[in-house]
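The values are calculated or read from the model by the stated rules, or taken from the named source; none is laboratory data. Because the structure is a prediction, the values reported are computed rather than measured. Note that each Cβ is placed from the backbone with ideal geometry, even for glycine, and that neighbours are counted across all protein chains shown.
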Amino acid sequence: MIQTIGVIGAGQMGRGIAQVAAQAGYGVVLLDVNQDLVNGGLAFIEKTLAKAVEKGKLQGSQKQAILDRIKGTTAYDGFKDCDLVVEAATENPDLKRKIFQELDRVCKPGAILGTNTSSISITWIAAVTKRPQHVIGMHFMNPVPVMQLVEIIRGLATDDATFAATKEAAEKMGKTVAEAADYPGFIVNRILMPMINEAFYALMEGVGTPEAIDAGIKLGLNHPMGPLTLADLIGLDTCLAILNVLHNGLGDPKYRPCPLLRKYVDAGMLGRKTGRGVYAY
């Protein structure tokens, strides 16, 4: 039975996962590489919960109880008593494998090792552990406290008990689960990223301004935001990383990242998190 959940990464995804897990009543251990990043993640969660109190969605006592369930750490040994650990680090394959080797070392037998990867093979990540049957994909959507979906992805060796426990935890966090097969991009990004990529091609070729492209999709297809605005929210570096995984993993030229997207990333214009992407913030 899952009672304590570890989360790796106090950025926009990790802090969101930590928040919804604590709101669901789980004890949470939130890790990042230094204390400043951990403190930043905790402060953001506190700010988000404070807004919920202001809007009458939470009581002050509930807010404090949620915060009290989250502990910060910079050491992997903090996960030794966790029943489930969800990795939400940068979408870098080699980094994720190093993290899972460390988790395999410190986590107790039977603990589930989850990854929030949005595109990388669960089977490939699990192969560096001695417990591939307990490794699973748990892909939350951004922003985590708002978005209802979680994709759950089995690796080749993931057993039924691991899947069932992970699904139960996601549902306890108030999420709807979509089970996806272990193919590059899974379901959501397999469909979403080609649309974002095509929006960059349309921009590069002068088909429309950013505003016109986004308005066309937002109003013409009834999407909540346009693809270029969404790319800025996700992070252009993350979009490029996912497209590279799709292109390399599936070998289909339709996934080739747009050169303009590469230029933005090379320039350090990554979207909202850097203050400039397709749009200025």
Looking only at residues that are over 22 Å from the mean Cα position of the chain (by Cα) and not in a helix (DSSP H, G or I) in the range 237-259, which one is surrounded by the most Cβ atoms within 10 Å (Cβ to Cβ)?
258
Take the residues in the range 208-231 that are of a type in the set (Gly, Ala, Ser) and within 10 Å of residue 278 (Cβ to Cβ); name whichever of them is surrounded by the most Cβ atoms within 10 Å (Cβ to Cβ).
231
Do we have any residue at all in the range 33-44 that's in the same structural domain as residue 162 (by TED's automatic domain parsing) and in a strand (DSSP E or B)?
no
Conditions: (1) touching a strand residue (DSSP E or B) at 6+ places or on another chain (Cβ under 8 Å); (2) more than 25 Å from residue 187 (Cβ to Cβ); (3) of a type in the set (A, V, I, L, M, F, W, C). Residue 234 meets all but one. Number of the miss?
(2)
With at pLDDT 95 or above, assigned to a helix (DSSP H, G or I) and surrounded by fewer than 16 Cβ atoms within 10 Å (Cβ to Cβ) as the only criterion, which of 103, 95 stands out?
95
Considering only residues of the range 167-187 that are touching a residue at least 60 places away in the same chain (Cβ under 8 Å) and within 28 Å of residue 244 (Cα to Cα), which is surrounded by the fewest Cβ atoms within 10 Å (Cβ to Cβ)?
183
Has the range 58-71 got at least one residue that is under 26 Å from residue 119 (Cβ atoms), touching a helix residue (DSSP H, G or I) at 6+ places or on another chain (Cβ under 6 Å) and touching a residue at least 40 places away in the same chain (Cβ under 8 Å)?
no
Return yes when residue 234 is surrounded by 14 or more Cβ atoms within 10 Å (Cβ to Cβ) and under 24 Å from residue 19 (Cα atoms) and no when it is not.
yes
